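Asker: Have a look at the structure that comes next, please.
The values are calculated or read from the model by the stated rules, or taken from the named source; none is laboratory data. Quick caveat: nothing in here was measured; it's all calculated off a predicted structure. Note that each Cβ is placed from the backbone with ideal geometry, even for glycine, and that neighbours are counted across all protein chains shown. For accessibility, only protein heavy atoms count, side chains too; no ligands or nucleic acids. Shrake-Rupley method; radii C 1.70, N 1.55, O 1.52, S 1.80 Å.
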Amino acid sequence: SIHSLVAGYARSFRLFGQLAKFDAVLPYSFGTWEGKVNQIDSSTQRIGFGDPLLRVSMMLIGGPALSPVEYATHDPKNFKLGIQFRVRAPLGQYDPNKLINLGLHRWSFKFGVGASYQIQKFILEASAATWIFTANQNYFGGNKLKQHPLATLQVHGTYVFKKGLWLAASFGGSMFGEV
């Protein structure tokens, strides 16, 4: 059982004339784990900060940076394309002498692309991303933890009945890298 409080900050800005955004997330978690270790009932608790996440995303097509006045009169484009880059920094609570930690003690990088196409009241969206992980050189018991890249794909379909009323269906999948 784990519970997290998350502090976040987001800021949109203009980059090369297009809409861009920077965001940061810092999780604070508290949890209890129970299980058997060598056939002995065991439990542990952790309280502290997890690894912070930083992301920069940008619209490449269909998302110009607009002032509030321009946005109110802007005719949105049917096709939109954007990219993102995310970093998970190894700054969370970590102790190599403990099997369960709130931080991962390794860098993680996510590269992604997403697109959206609208035909009247129907919106089709798709995104693909890849996480790349560095190795944790100081894993539990003096071991080294490595993981191959993780690729993800998401597809969403939305039908808009009227402003504020819509129905959506989504599908997502991933190809896990070996550990």
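Asker: Could you please let me know if Gly172 is within 17 Å of the chain's Cα centre (by Cα) and in a strand (DSSP E or B)?
Answerer: Yes.
Asker: From (1) assigned to a loop (DSSP other than H, G, I, E, B); (2) in contact (Cβ under 8 Å) with a residue 60 or more places away in the chain, pick out the condition that doesn't hold for Ser29.
Answerer: The failed condition is (1).
Asker: Return the only residue of Asn101, Asn136 being in contact with a Leu (Cβ under 6 Å, 6 or more places away or on another chain) and farther than 27 Å from Ile83 by Cβ.
Answerer: Working: Asn101 fails: in contact with a Leu (Cβ under 6 Å, 6 or more places away or on another chain).
Only one candidate passes the filter, namely Asn136.
Asker: In addition: Just for segment 107-128: of the residues that are over 30 Å from Lys163 (Cβ atoms) and of a type outside the set (D, E, K, R), which one is least open to solvent (accessible area, probe 1.4 Å)?
Answerer: Taking segment 107-128 first, the residues over 30 Å from Lys163 (Cβ atoms) are 107-111.
If we keep only those that are of a type outside the set (D, E, K, R) as well, we get 107-109, 111.
Values: Trp107: 112, Ser108: 1, Phe109: 59, Phe111: 100 Å².
Filtering first and then ranking leaves Ser108.
Asker: Moving to a separate point now. Let me confirm something: among Ala20, Ala24, Ala7, which residue is surrounded by 11 or more Cβ atoms within 10 Å (Cβ to Cβ), without any contact (Cβ under 8 Å) to a residue 24 or more places away in the chain and assigned to a strand (DSSP E or B)?
Answerer: The match here is Ala7.
Asker: Is it fair to say Ile100 is touching a strand residue (DSSP E or B) at 6+ places or on another chain (Cβ under 8 Å) and modelled with pLDDT of 95 or more? Break it down into steps so the answer makes sense when it comes.
Answerer: Numbers: touching a strand residue (DSSP E or B) at 6+ places or on another chain (Cβ under 8 Å): yes; modelled with pLDDT of 95 or more: no.
Against the criterion (touching a strand residue (DSSP E or B) at 6+ places or on another chain (Cβ under 8 Å) and modelled with pLDDT of 95 or more), Ile100 does not qualify.
Asker: Please go through segment 131-144 and give me each residue that is outside any loop (DSSP other than H, G, I, E, B) and either aliphatic (A, V, I, L, M) or open to solvent by 50 Å² or more (accessible area, probe 1.4 Å) (or both), ordered by number.
Answerer: Ile132, Gln137, Asn138, Tyr139, Phe140, Gly141, Gly142, Asn143, Lys144, listed by residue number.
Asker: Name the pairs: first residue in segment 40-51 and at positive phi and open to solvent by 90 Å² or more (accessible area, probe 1.4 Å), second residue outside any strand (DSSP E or B) and basic (Lys, Arg), Cβ to Cβ under 6 Å, at least 6 apart or on different chains?
Answerer: Correct list of pairs: empty, since none qualify.
Asker: Condition first: over 16 Å from Phe22 (Cα atoms), open to solvent by less than 80 Å² (accessible area, probe 1.4 Å) and small (Gly, Ala, Ser). Now tell me which residues in segment 52-72 satisfy that.
Answerer: Gly62, Ser67, listed by residue number.
Asker: Does segment 145-154 include one or more residues that are under 26 Å from Gly63 (Cβ atoms), modelled with pLDDT of 95 or more and open to solvent by 70 Å² or more (accessible area, probe 1.4 Å)?
Answerer: Within segment 145-154 (the criterion being under 26 Å from Gly63 (Cβ atoms), modelled with pLDDT of 95 or more and open to solvent by 70 Å² or more (accessible area, probe 1.4 Å)), the answer is yes, since at least one residue qualifies.
Asker: If we keep just the residues of segment 80-106 that are of a type in the set (D, E, K, R) and not in a strand (DSSP E or B), which is surrounded by the fewest Cβ atoms within 10 Å (Cβ to Cβ)?
Answerer: Restricting to residues being of a type in the set (D, E, K, R) and not in a strand (DSSP E or B), the top hit is Lys98.
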